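S.K.: One structure, as structure tokens, below. Some questions next.
The values are calculated or read from the model by the stated rules, or taken from the named source; none is laboratory data. Small disclaimer: the values here were computed from a predicted structure and weren't measured. Please note: Cβ atoms are built from the backbone with ideal geometry, for glycine as well, and neighbour counts cover all protein chains shown.
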Amino acid sequence: MPYEFEVKEIPAMTLLAERATCAHGEIGAKLGEIFPHAAKRAGHFIAGPPMCLYHDWRESDCDLEAGLPVSGEPDLFGSLIISHLPAQKAVTVIHSGGYDKLSEAHDALLEWTRTHNMEVVGAPWESYIDDPNEVGLTEARTLVGWPIL
């Protein structure tokens, strides 16, 4: 899939999230658990689409943080946490289609940063622009970003 790369300034945000470790093949199921839980607690504080940060990507599993941007600090419950993400410069692409192909967007971003001598300085992330239940999985758009210097 051809991607259009864009370097953007991403504003600071507060995230109502859960941090988890799971196998690569279980990411979708884990996000399917976390997002509804966070949405229920966030209520009217929701300030953007669901997102996921990948703090560590290992051979068979990953350390992720998933949740919703919020405009305040809703009450916490269970394993939910409040995360304050700093403003950052990131190179981004919009991936359209199934989540099973998101690795192609990440690979393209990593190659682009190398080709342009940019240093990756934080956790790559995905922001799920469209709800696949509303637009269909083949039409769902995901903003994928890699923080850079």
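Every residue, every condition in (1) more than 19 Å from Glu9 (Cα to Cα); (2) touching a His at 6+ places or on another chain (Cβ under 8 Å); (3) basic (Lys, Arg); (4) at pLDDT below 95, yes or no:
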site: Gly48; (1), (2), (3), (4): no, no, no, no
site: Asp61; (1), (2), (3), (4): yes, yes, no, no
site: Gly78; (1), (2), (3), (4): yes, yes, no, yes
site: Thr92; (1), (2), (3), (4): no, no, no, no
site: Gly98; (1), (2), (3), (4): yes, no, no, yes
site: Thr113; (1), (2), (3), (4): no, no, no, no
site: Glu139; (1), (2), (3), (4): yes, no, no, yes
site: Thr142; (1), (2), (3), (4): no, yes, no, no
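S.K.: Let me ask something else. Consider only pairs whose beta carbons are under 7 Å apart and that are at least six residues apart or on different chains; among these, list those whose first residue lies in region 133-149 and is closer than 13 Å to Ala105 by Cβ and whose second residue is of a type in the set (Asp, Glu).
M.R.: Close Cβ pairs satisfying both conditions: Ala140/Asp130; Arg141/Asp130; Thr142/Glu126; Val144/Glu126.
S.K.: Tell me the residue from Glu9, Glu18 that is closer than 18 Å to Asp75 by Cβ and charged (D, E, K, R), please. Quick ask: steps written out before the conclusion?
M.R.: Details: Glu9 fails: closer than 18 Å to Asp75 by Cβ.
Just a single option satisfies the conditions, and that option is Glu18.
S.K.: With the condition kept exactly as written, say whether any residue in region 105-115 is surrounded by fewer than 17 Cβ atoms within 10 Å (Cβ to Cβ), touching a helix residue (DSSP H, G or I) at 6+ places or on another chain (Cβ under 9 Å) and either farther than 29 Å from Val135 by Cβ or of a type outside the set (A, V, I, L, M) (or both).
M.R.: So far as region 105-115 goes, no, none of its residues is surrounded by fewer than 17 Cβ atoms within 10 Å (Cβ to Cβ), touching a helix residue (DSSP H, G or I) at 6+ places or on another chain (Cβ under 9 Å) and either farther than 29 Å from Val135 by Cβ or of a type outside the set (A, V, I, L, M) (or both).
S.K.: Select from region 5-46 the residues that are over 30 Å from Ser60 (Cβ atoms), small (Gly, Ala, Ser) and over 15 Å from the mean Cα position of the chain (by Cα) and list them in ascending order.
M.R.: Ala42, Gly43
S.K.: Kindly establish whether His84 is farther than 20 Å from Glu26 by Cα, surrounded by fewer than 18 Cβ atoms within 10 Å (Cβ to Cβ) and touching a strand residue (DSSP E or B) at 6+ places or on another chain (Cβ under 7 Å). First the steps, then the outcome.
M.R.: Numbers: farther than 20 Å from Glu26 by Cα: yes; surrounded by fewer than 18 Cβ atoms within 10 Å (Cβ to Cβ): yes; touching a strand residue (DSSP E or B) at 6+ places or on another chain (Cβ under 7 Å): yes.
Considered against the rule, which asks whether it is farther than 20 Å from Glu26 by Cα, surrounded by fewer than 18 Cβ atoms within 10 Å (Cβ to Cβ) and touching a strand residue (DSSP E or B) at 6+ places or on another chain (Cβ under 7 Å), His84 comes out as yes.
S.K.: I need the full set of residues from region 58-79 which are under 22 Å from Lys30 (Cα atoms) and either among the aromatic types (Phe, Trp, Tyr) or touching a helix residue (DSSP H, G or I) at 6+ places or on another chain (Cβ under 6 Å) (or both), in order please.
M.R.: Answer for region 58-79, where residues must be under 22 Å from Lys30 (Cα atoms) and either among the aromatic types (Phe, Trp, Tyr) or touching a helix residue (DSSP H, G or I) at 6+ places or on another chain (Cβ under 6 Å) (or both): Ala66, Gly67, Leu68, Val70, Pro74, Phe77.
Here is a yes/no grid of residues against (1) hydroxyl-bearing (Ser, Thr, Tyr); (2) touching a residue at least 24 places away in the same chain (Cβ under 8 Å); (3) assigned to a strand (DSSP E or B); (4) surrounded by fewer than 16 Cβ atoms within 10 Å (Cβ to Cβ):
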position	(1), (2), (3), (4)
Leu15	no, yes, yes, no
Glu18	no, yes, yes, no
Thr21	yes, yes, yes, yes
Gly25	no, no, no, yes
Arg41	no, yes, no, no
His55	no, yes, yes, yes
Leu68	no, yes, yes, no
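S.K.: Then there is this: Looking at the structure I just gave you, is Gly32 surrounded by fewer than 18 Cβ atoms within 10 Å (Cβ to Cβ), in contact with a His (Cβ under 8 Å, 6 or more places away or on another chain) and outside any strand (DSSP E or B)?
M.R.: Spelling it out, it is not the case that Gly32 is surrounded by fewer than 18 Cβ atoms within 10 Å (Cβ to Cβ), in contact with a His (Cβ under 8 Å, 6 or more places away or on another chain) and outside any strand (DSSP E or B).
S.K.: When only residues in region 48-80 that are of a type in the set (Phe, Trp, Tyr) and out of contact with any strand residue (DSSP E or B) (no Cβ under 6 Å at 6 or more places or on another chain) count, which is nearest to Leu110 (Cα to Cα)? Reasoning before the result, please.
M.R.: Of all residues in region 48-80, those of a type in the set (Phe, Trp, Tyr) come to 54, 57, 77.
Now drop any that are not out of contact with any strand residue (DSSP E or B) (no Cβ under 6 Å at 6 or more places or on another chain), which leaves 57, 77.
Values: Trp57: 13, Phe77: 36 Å.
Out of the qualifying residues, it is Trp57.
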